[in-house]
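**Q** Let me begin by handing over the structure; questions about it come next.
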Amino acid sequence: MKLIKTISTRRLTILISAILLVVGLFFGLQFYFSYLETKTLAEECYDKGGMPELKKSGVKIIYFSCEMDG
C-alpha cells in the first residue's frame, strides 16, 4: 500500500512539474516574440529615418506610429 502511495505522489509531482514547465515556457515565448516584434518595428522605422512611437499593454502592441521628419 505504501508503494502505491509513493508512486502516486511521484507521478503527481512529475505531472505538476511538467505543467509548470510548459506554462513557464509558454509565457516566456510570448514575451520573447513580443520583444522581437517591437524591436523589428522600431528598427524598420529607424531605417526609414523615422521616430517610432509605440504603446504596449502586456505583450500586445496597442499603438504604433512611425513619425517621419520633414
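**Q** If you take the charge dipole of the chain about its Cα centre, with +1 on Lys and Arg Cβ and -1 on Asp and Glu Cβ, which of Ala18, Met68, Ala42 is farthest toward its positive end?
**A** Of the listed residues, the answer is Ala18.
**Q** How large is the charge dipole for the chain, taken about the Cα centre, if only the Cβ atoms of Lys, Arg (+1) and Asp, Glu (-1) carry charge, to the nearest 20 debye?
**A** Details: 9 positive and 7 negative charges, 224 e Å.
With Lys and Arg at +1 and Asp and Glu at -1, about 1080 debye.
**Q** Please list, ordered by chain and number, the residues whose modelled amide H lies under 5 Å from the amide H of Ile61; skip anything fewer than 5 residues away on the same chain.
**A** Under 5 Å from the amide H of Ile61: no residue qualifies.
**Q** I need the phi-derived Karplus couplings for the range 53-64: 6.51 cos²θ - 1.76 cosθ + 1.60, θ = phi - 60°, integer Hz, Gly and Pro marked x.
**A** Here the 3J(HN,Hα) series is 10, 9, 10, 10, 10, x, 9, 9, 7, 9, 7, 9 Hz.
**Q** Taking only DSSP H segments of four or more residues, each worth -39500 (n - 2.57), what value at 222 nm results for the chain once the sum is divided by all its residues, to the nearest 500 deg cm²/dmol? Each step should come with its number before you reach the end.
**A** Numbers: 1 runs with 46 residues, N = 70.
It comes out at -24500 deg cm²/dmol, rounded to the nearest 500.
**Q** Considering Cα pairs under 8 angstrom that are at least six residues apart, work out the relative contact order of the range 2-68 and quote it in whole percent.
**A** Details: 40 pairs, mean separation 13.5, N = 67.
Taking the mean separation of contacting Cα pairs over the length of the range 2-68, I get 20 percent.
**Q** Continuing with this model, one more query. If you fit an axis through the alpha-carbon atoms of helix 2-47 and take the longest principal axis of the Cα set of the chain, what angle between them do you get, 0 to 90°, nearest 10?
**A** Taking Cα atoms only, the helix is inclined about 0 degrees.
**Q** Another question, if that's okay. Taking the Cβ of Ser34 as the center, what net charge do the other residues with Cβ under 14 Å away carry, scoring Lys and Arg +1 and Asp and Glu -1? It would help to have the intermediate numbers written out before the result.
**A** Numbers: positive: Lys39, Lys55, Lys56, Lys60; negative: Glu37.
Local charge sum for Ser34: +3.
Quick note: the coordinates plus some simple rules give every number you see, no bench work behind them. None of the values given here were measured: they were computed from a predicted structure. Using ideal geometry, Cβ is built from the backbone for each residue, glycine included, and neighbour counts are taken over all protein chains shown.
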